[in-house]
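Each remark here refers to the structure printed beneath this line.
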Amino acid sequence: MSDCIFCRIAAGEIAADLVESDDDLVAFRDLHPQAPVHVLVIPRRHIASLAEVEASDEEVLGKLYAATARLARRLGLDGNFRVVTNSGARAGQSVFHLHAHLLGGRDFDWPPG
């Protein structure tokens, strides 16, 4: 999708601080981090939100969460991290390309807000 900033990052058209990349996923540091570690993990293929996931997306979602856990270990989060996926504008989604926020390196409260 040509007007999607995350699609453009995945295609290499917009520079990002990449943490990891493969054929299915791209992980990069958030421009406005909310924690010492704040990485976004996205599928390369455009999926607007979690609300639009279909059965055919199960494999890439499994890869997304496996990559997020692997990154948490690699970034030294010692099993203490938060993964957030907002779905829809009223839930805080501002970029309409499915993504997981990997947050860590500080204590978190509950409920989040």
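The table for this structure:
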item: The listed residue being surrounded by fewer than 18 Cβ atoms within 10 Å (Cβ to Cβ), at pLDDT 95 or above and assigned to a helix (DSSP H, G or I), out of 51, 72; result: 51
item: Test result for residue 21, polar (S, T, N, Q) and loosely packed, with under 12 Cβ neighbours inside 10 Å; result: no
item: Members of the range 83-93 that are free of Cβ contacts under 8 Å to residues at least 40 places away in the same chain and surrounded by 11 or more Cβ atoms within 10 Å (Cβ to Cβ); result: 83, 84, 85, 86, 87, 88, 91, 92
item: Neighbours by Cβ (under 9 Å, 6+ apart or cross-chain): first from the range 44-71, among the hydrophobic types (A, V, I, L, M, F, W, C); second at pLDDT below 95; result: 48/1
item: Odd one out for residue 40, checked against (1) under 24 Å from residue 2 (Cβ atoms); (2) in contact with a Pro (Cβ under 7 Å, 6 or more places away or on another chain); result: (2)
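The values are calculated or read from the model by the stated rules, or taken from the named source; none is laboratory data. Everything quoted here is computed from the prediction, not taken from an experiment. Cβ: placed from backbone, ideal geometry, glycine included. Neighbour counts: every protein chain shown.
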